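Enquirer: Below is one structure. I have some questions about it.
The values are calculated or read from the model by the stated rules, or taken from the named source; none is laboratory data. All values derive from a computational prediction rather than experimental measurement. Virtual Cβ from ideal backbone geometry, glycine too; neighbours counted across all protein chains shown.
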């Protein structure tokens, strides 16, 4: 048996996109009816022209059996298109992609399940698609149900499932039916933090058991923790590949410089991102209790009324805190052209750990993305726990694994004494 699980040679995927050249971006009912009547006679809209859009172009790489490969890139880079080709959902326009082994894939919510069938029926249907016998599916059935946490809805048609329930079952099926190649897109964002952690553990188990994993995510910490090698797509082409640590660093540096090909649905472009301390000095390293000032230079080609910005600080454990204009209502009246927005987190009681910053921009009705969720910056918090009133003997060791945000609290001890705790710099450390 060959050691190659996936062989991609010069693949490209093109789509034909129609653009209207008329003066209006709408049509009357009469015009729609006329256009419909033209179609059987091969007559097309004279006010439209077709553009060829290459979602992928000249892409080549090899994945060995047992490798865990991360696939990263900005929105519109071609990541999801690539996974659809490898999952045999769509064919490349040019080139060849050879996948050797049984594939279990979890792409966007809605892929792979029949909406009219129950959860139970879809488990067996997916197993049959993978070429498994019913008795083999029976062996893993209880594990799938327990992992997905949907036992009481097992005999309900999946069209009635929430997106979270659907995704949990889809992931459980993909992971437990023992595919030789596991392909996962960024659908884990639908789940809660506990399920995301459990899913990452399952993918790690798959990788360590010799199965091949291809994982698309905007969560760079998850990519680094799971993957040994990373492919960086930019503008539909392979920009770089190499070790997870090296490529993620290159990618995040490019994000902060605004050095990425902008395509896809993001209508706000990020030009540059930088972090400052409370004195306005550019910084990427902070200490517990510091002020973290995040600045984002952006550009738009059109005017957007009352957009909502959302900035989230994340650790390896997930989201730590979020500033979201949808909740606080402090959104600008409008943005147009070039601008800078800042988000200042003051006196942040963060444990010494690495952190990332994630940005989302929504439309005025909060229903559409103007900038889809992306990690845009990284920073580190450093310092000895003893310098911040954390005097436990093993405090420094466990700080890197602890819940990162430490709010002031008090212990009420059995002898009646009160012991207040806060992550503040001690006098001896000043």
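Enquirer: Looking at the structure I just gave you, is residue 272 surrounded by 14 or more Cβ atoms within 10 Å (Cβ to Cβ), in the same structural domain as residue 75 (by TED's automatic domain parsing) and in contact with a strand residue (DSSP E or B) (Cβ under 6 Å, 6 or more places away or on another chain)?
Expert: Judged against the criteria, residue 272 is not a match.
Enquirer: I'd like to know if the range 159-170 contains one or more residues that are on the phi > 0 side of the Ramachandran plot, free of Cβ contacts under 8 Å to residues at least 60 places away in the same chain and touching a helix residue (DSSP H, G or I) at 6+ places or on another chain (Cβ under 8 Å).
Expert: no
Enquirer: Take residue 415 and decide whether it is over 22 Å from residue 314 (Cβ atoms) and either under 31 Å from the mean Cα position of the chain (by Cα) or buried (at least 19 other Cβ atoms within 10 Å of the Cβ) (or both).
Expert: Considered against the rule, which asks whether it is over 22 Å from residue 314 (Cβ atoms) and either under 31 Å from the mean Cα position of the chain (by Cα) or buried (at least 19 other Cβ atoms within 10 Å of the Cβ) (or both), residue 415 comes out as no.
Enquirer: Only one of 155, 142 is over 26 Å from residue 196 (Cβ atoms) and in the same structural domain as residue 202 (by TED's automatic domain parsing); which?
Expert: Every option except 155 fails the conditions.
Enquirer: Which of the residues belonging to the range 330-349 are under 30 Å from residue 382 (Cβ atoms), surrounded by 12 or more Cβ atoms within 10 Å (Cβ to Cβ) and out of contact with any strand residue (DSSP E or B) (no Cβ under 6 Å at 6 or more places or on another chain)?
Expert: Listed by number, the residues that qualify are 347, 349.
Enquirer: Could you tell me which of the residues 98, 91, 84, 38 is more than 26 Å from residue 210 (Cα to Cα), outside any loop (DSSP other than H, G, I, E, B) and either modelled with pLDDT under 85 or in the same structural domain as residue 221 (by TED's automatic domain parsing) (or both)?
Expert: Among 98, 91, 84, 38, only 38 is more than 26 Å from residue 210 (Cα to Cα), outside any loop (DSSP other than H, G, I, E, B) and either modelled with pLDDT under 85 or in the same structural domain as residue 221 (by TED's automatic domain parsing) (or both).
Enquirer: Still on this structure, please answer the following. Just to check your reading of the model, which residue among 289, 242, 236, 280 is closer than 21 Å to residue 339 by Cβ and either touching a residue at least 12 places away in the same chain (Cβ under 8 Å) or surrounded by fewer than 19 Cβ atoms within 10 Å (Cβ to Cβ) (or both)?
Expert: After ruling out the rest, the residue left standing is 280.
Enquirer: Now a separate question. How many residues does the range 70-81 contain that are in a loop (DSSP other than H, G, I, E, B), surrounded by fewer than 23 Cβ atoms within 10 Å (Cβ to Cβ) and in contact with a strand residue (DSSP E or B) (Cβ under 6 Å, 6 or more places away or on another chain)?
Expert: Going through the range 70-81 one residue at a time, the tally reaches 1.
Enquirer: Going through the range 115-157 one residue at a time, which ones are touching a strand residue (DSSP E or B) at 6+ places or on another chain (Cβ under 9 Å) and either loosely packed, with under 15 Cβ neighbours inside 10 Å or part of a loop (DSSP other than H, G, I, E, B) (or both)?
Expert: Residues satisfying the conditions are 115, 116, 117, 130, 154, 155, 156.
Enquirer: Turning to a different aspect of this structure: What is the one condition in (1) in contact (Cβ under 8 Å) with a residue 24 or more places away in the chain; (2) surrounded by fewer than 21 Cβ atoms within 10 Å (Cβ to Cβ); (3) within 25 Å of residue 217 (Cβ to Cβ) that residue 386 does not satisfy?
Expert: For residue 386, the failing item is (3).
Enquirer: Among the numbered conditions (1) within 30 Å of residue 266 (Cβ to Cβ); (2) surrounded by 14 or more Cβ atoms within 10 Å (Cβ to Cβ); (3) in contact with a strand residue (DSSP E or B) (Cβ under 6 Å, 6 or more places away or on another chain); (4) modelled with pLDDT under 90, tell me where residue 316 comes up short.
Expert: Every listed condition holds for residue 316 apart from (3).
Enquirer: Does residue 100 qualify as being in contact (Cβ under 8 Å) with a residue 40 or more places away in the chain and either surrounded by 20 or more Cβ atoms within 10 Å (Cβ to Cβ) or within 17 Å of residue 13 (Cα to Cα) (or both)?
Expert: Working: in contact (Cβ under 8 Å) with a residue 40 or more places away in the chain: yes; either surrounded by 20 or more Cβ atoms within 10 Å (Cβ to Cβ) or within 17 Å of residue 13 (Cα to Cα) (or both): no.
No; evaluated as a whole, the condition is false for this residue.
Enquirer: Considering 323, 402, which residue is surrounded by 16 or more Cβ atoms within 10 Å (Cβ to Cβ), touching a strand residue (DSSP E or B) at 6+ places or on another chain (Cβ under 6 Å) and either free of Cβ contacts under 8 Å to residues at least 40 places away in the same chain or more than 17 Å from residue 297 (Cα to Cα) (or both)?
Expert: Details: 402 fails: touching a strand residue (DSSP E or B) at 6+ places or on another chain (Cβ under 6 Å).
Answer to the selection: 323.
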